[in-house]
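Novice: Sharing a structure here in structure tokens format.
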Amino acid sequence: MPAPASTDRPDRVQSVSQLTALLKGVIETAFADVWVAGEISNFSRPQSGHCYLTLKDDAAQLRAVIWRGTASRLRVDLRDGVEVICRGRLDLYPPRGSYQLVIDELHLQGEGAVEAALRKLREKLAAEGLFAAERKRPLPRTPRRIGVVTSPTGAAIRDFLEVLRRRWRGVEVLILPTRVQGDGAAKEIAAAIANAARIRPELDVLVVTRGGGSLEDLWCFNEEPVVRAIAGSPIPTISAIGHEIDVTLSDLAADVRALTPSEAAERVAPAASEMTELVASLHGRMRRALVGRAEQMRAWLDALASRPALARPADGVRQLARRADELSQRLDAGVATAVRDNRGKLGVAAGRLEALSPLAVLGRGYSLTQRDGRLVASVSQLKAGDLIATTLADGVATSLVESVEKKTLTGKKLK
């Protein structure tokens, strides 16, 4: 038979809420910071941005949650079946009387999620040439307008302006305010860099900067839109993200990397003392160059002045006049000699021509006989009854041939 129910009541009875509150205090105190390894299952991410999941192994399961602020900094592709290592704290949820792990940090097993995502993106962008040394541009020596993409309330802009004010005052600084960490910061930074290229008058140099922080805090400067915006900016760009040990992909894509915001100010503008020394040095070099040039020209003029042509210019004119007179005399003598020689030659030629002239022969008693305008050289060209013209020294006689008889020069008749 069953034992009779006890009628004694305990001195103190706790409600469910009281007991749950006691358990909550014990659990949350004892497990305030724990590391848990497991496989993700039942993963979900509603519109609130919080992530809900279950961590499991072969023997047990553990509910877990990643609040939106933490989830926005994670660079892990969360999904069912992924092996992860989580750090967080146990939290008891009284309405359900269940406990869960509130995750503050999460890594892929074997390699941190952030490091894996960073390495993958770096290899991709490097293959496209975004980090190549040959595409780096030099900074202007003395910029007049500087744009700064950063948080207007952070320590980075204060350090930058303080150092810049000490070094060089002849510059205008335009701050393009953005968030520099958290969800959506990368989009704002990329937009600010793009807007800087549209500012008129144009900026001479652009500085993208923020102070130091964890890898998660600096992650927006490793995101692809920011890196591509820096690489594609038409303005020479300095990246000064974090401290010396922090290296982001933005640093690799920029034309110049500065270790800190303060060094960015040193790299972007010269020191006033350095410029004073430079101006003094250039002044001395210019003065020495002008003095040397003047001495060189003076020596050249002295050399010209010592030449006879310049020392006594009238002597040259007189020598040329004397030479012209000599040539004129020689020309006159040559012409007279040539005329005399040609006159003698002309007389000889005239005598010869006179001796050969038919008129001279006619003057000595000879005549020319023509028939029908043709010279008669033989009696065989004539016959009785021909009309002939005889040309003498003083005229022409016309005759009629009565007979023709052939004879030799000795007078002997020819048969």
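The values are calculated or read from the model by the stated rules, or taken from the named source; none is laboratory data. Just so it is clear, the model here is predicted, and its values are computed rather than measured. Every residue, glycine as well, gets a Cβ built from its backbone with ideal geometry; the counts of neighbours run over all protein chains shown.
Novice: From the list R63, R79, which one is part of a strand (DSSP E or B), without any contact (Cβ under 8 Å) to a residue 60 or more places away in the chain and not aromatic (F, W, Y)?
Specialist: R63
Novice: Ok, one more. Please go through segment 368-383 and pick out each residue that is surrounded by fewer than 15 Cβ atoms within 10 Å (Cβ to Cβ) and in a loop (DSSP other than H, G, I, E, B).
Specialist: Within segment 368-383, D372, G373, A377, S378, K383 qualify.
Novice: So the check is Cβ under 6 Å with 6+ separation or different chains; which pairs have a first residue in segment 100-119 that's assigned to a loop (DSSP other than H, G, I, E, B) and a second one that's at pLDDT 65 or above and of a type outside the set (F, W, Y)?
Specialist: Q109/E83; Q109/I85
Novice: Continuing with this model, one more query. Can T410 be described as at pLDDT below 85, surrounded by 10 or more Cβ atoms within 10 Å (Cβ to Cβ) and not in a helix (DSSP H, G or I)?
Specialist: Criteria not met by T410.
Novice: Has segment 100-113 got at least one residue that is surrounded by 12 or more Cβ atoms within 10 Å (Cβ to Cβ) and within 30 Å of A264 (Cα to Cα)?
Specialist: Checking segment 100-113: not a single residue is surrounded by 12 or more Cβ atoms within 10 Å (Cβ to Cβ) and within 30 Å of A264 (Cα to Cα).
Novice: Of all residues being surrounded by fewer than 15 Cβ atoms within 10 Å (Cβ to Cβ) and over 20 Å from W219 (Cα atoms) in segment 162-193, which is modelled with the highest pLDDT? Just the residue, please.
Specialist: L174
Novice: Tell me, yes or no, whether segment 105-120 has at least one residue that is touching a His at 6+ places or on another chain (Cβ under 9 Å), modelled with pLDDT under 90, under 20 Å from L215 (Cα atoms) and acidic (D, E).
Specialist: Yes - at least one qualifying residue is present in segment 105-120.
Novice: Can you spot a residue in segment 153-161 that is buried (at least 18 other Cβ atoms within 10 Å of the Cβ), of a type in the set (S, T, N, Q) and closer than 21 Å to G242 by Cα?
Specialist: Within segment 153-161 (the criterion being buried (at least 18 other Cβ atoms within 10 Å of the Cβ), of a type in the set (S, T, N, Q) and closer than 21 Å to G242 by Cα), the answer is no, since none of the residues qualifies.
Novice: Please enumerate the residues belonging to segment 43-74 that are within 52 Å of the chain's Cα centre (by Cα) and buried (at least 18 other Cβ atoms within 10 Å of the Cβ).
Specialist: Correct list: C51, I66, T70, A71, R73, L74.
Novice: Let me ask another. Take the residues in segment 243-276 that are within 19 Å of I175 (Cβ to Cβ) and in a loop (DSSP other than H, G, I, E, B); name whichever of them is modelled with the highest pLDDT.
Specialist: So the first thing to find is which residues in segment 243-276 are within 19 Å of I175 (Cβ to Cβ), and the list is 250, 254, 258, 260-269.
From what is left, the residues that are in a loop (DSSP other than H, G, I, E, B) are 254, 258, 260, 269.
Numbers: A254: 94, A258: 91, T260: 89, A269: 83.
In this case the residue turns out to be A254.
Novice: Right, something else. Would you say R141 is modelled with pLDDT under 90 and either assigned by TED's automatic domain parsing to the domain that holds D57 or closer than 17 Å to I238 by Cα (or both)?
Specialist: Here the answer is yes, as R141 does meet what is asked.
Novice: Give me the residue from segment 75-99 that is over 28 Å from C220 (Cα atoms) and of a type in the set (A, V, I, L, M, F, W, C) and, out of that set, nearest to the chain's Cα centre (by Cα).
Specialist: Step one: list which residues in segment 75-99 are over 28 Å from C220 (Cα atoms), which gives 90-99.
Next, only the ones that are of a type in the set (A, V, I, L, M, F, W, C) stay: 90, 92.
Numbers: L90: 60, L92: 65 Å.
Among residues in segment 75-99 that are over 28 Å from C220 (Cα atoms) and of a type in the set (A, V, I, L, M, F, W, C), the one nearest to the chain's Cα centre (by Cα) is L90.
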